[in-house]
């Protein structure tokens with residue numbers, strides 16, 4: 001499994017995942033994005049995140065729950081919930097949007113931020129796909145508009161308002177549990193401390209020592225780490241060393257053997273196999289290609305064209321989606337009476 005890891009940041013909710021900054025801005029309070037094959041590290045943020053798989057498959061770990069997502073699947077990740085992901089198929093294309101829940105609550109959606117929305121299409125019946133179709137249409141319109149009309153933020157804000165309103169009205173939810181939120185906060189900060197410790201130490205920093213520092217048993221900490229990060233401690237530690245070796249290959253000119261030994265790999269066959277599994281090529285090929293380590297938000301021309309084709313198909317029904325949010329049609333009524341705001345003169 002390939003996972004991207006980054007050094008600890010004092011504000012982990014805004015960790016640099018290697019993408020362009022697609023977080024909500026003060027102007028729009030909503031920002032859409034698309035990315036291809038990439039790994040996103042353990043993080044969380046104050047915004048709601050909606051993810052939609054355009055093509056391929058990827059694995060998402062949300063608050064310790066592993067979610068296997070395939071083409072056309074969608075998930076709502078509620079605010080402040082830790083998550084990380086890794087692409088499974090090389091052809092993966094994922095689009096998403098961040099919604100500033102505090103802003104939309106101030107705009108007139110009371111309680112929007114205190115709800116835990118229950119939207120994971122892979123857990124629902126197929127009929128649930130009909131319910132999320134308007135979300136896909138609105139997300140597609142947001143992304144396409146960002147590309148074709150970047151200087152017209154008003155249109156995107158209108159679509160963002162419709163999107164937030166649809167989620168608020170139509171997606172099932174449960175009330176947030178304050179006790180659960182506190183437990184989640186404690187766990188995620190503990191995980192970040194462990195990741196920070198691993199990032200600063202070599203293989204001699206054993207999990208047993210970290211467990212003792214955290215006041216936990218070794219078995220408890222091992223389960224906690226794998227539950228939240230989606231990968232075992234040993235694999236995580238090994239991948240840190242592989243990432244460091246790859247960085248040295250990309251930026252330095254020492255031999256592969258020297259770099260391998262410095263990063264704690266004594267067996268060349270093991271190093272080559274693990275390196276290929278993580279980066280999809282041999283160390284020598286990686287060096288020649290000068291490949292970037294971090295996940296990239298810029299798609300290839302072919303991927304961008306495919307993403308646009310898929311999004312255009314979904315955006316075609318944006319009118320129907322808008323009608324479902326603010327349309328005048330009401331179930332069970334064939335006519336709507338509109339009364340004028342004043343009495344007309346009879347003279």
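Before moving on, here are some points about what is shown:
- Residue 215 vs. criteria in contact with a helix residue (DSSP H, G or I) (Cβ under 9 Å, 6 or more places away or on another chain), loosely packed, with under 15 Cβ neighbours inside 10 Å and either under 29 Å from residue 66 (Cα atoms) or free of Cβ contacts under 8 Å to residues at least 60 places away in the same chain (or both): no
- Taking the criterion of being surrounded by 19 or more Cβ atoms within 10 Å (Cβ to Cβ), within 23 Å of residue 115 (Cα to Cα) and in contact (Cβ under 8 Å) with a residue 40 or more places away in the chain, the residues of region 44-61 that qualify are 44, 45, 47, 48, 49, 50, 51, 52, 61.
- Residue match in region 106-118 (condition: under 26 Å from residue 309 (Cβ atoms), touching a strand residue (DSSP E or B) at 6+ places or on another chain (Cβ under 6 Å) and crowded, with 19+ Cβ neighbours inside 10 Å): no
- Number of positions in region 26-43 that are surrounded by fewer than 21 Cβ atoms within 10 Å (Cβ to Cβ) and under 24 Å from residue 188 (Cα atoms): 2
- Residue in region 123-133 that is crowded, with 21+ Cβ neighbours inside 10 Å, within 15 Å of the chain's Cα centre (by Cα) and modelled with pLDDT of 90 or more present: no
- Filter result for residue 142 (at pLDDT 95 or above and in contact with a strand residue (DSSP E or B) (Cβ under 9 Å, 6 or more places away or on another chain)): no
- Candidate set from region 67-94 (those that are in a strand (DSSP E or B) and over 13 Å from the mean Cα position of the chain (by Cα)); member that is surrounded by the fewest Cβ atoms within 10 Å (Cβ to Cβ): 68
The values are calculated or read from the model by the stated rules, or taken from the named source; none is laboratory data. Just so we're clear, the structure is a prediction, and the values are computed from it rather than from any experiment. Virtual Cβ from ideal backbone geometry, glycine too; neighbours counted across all protein chains shown.
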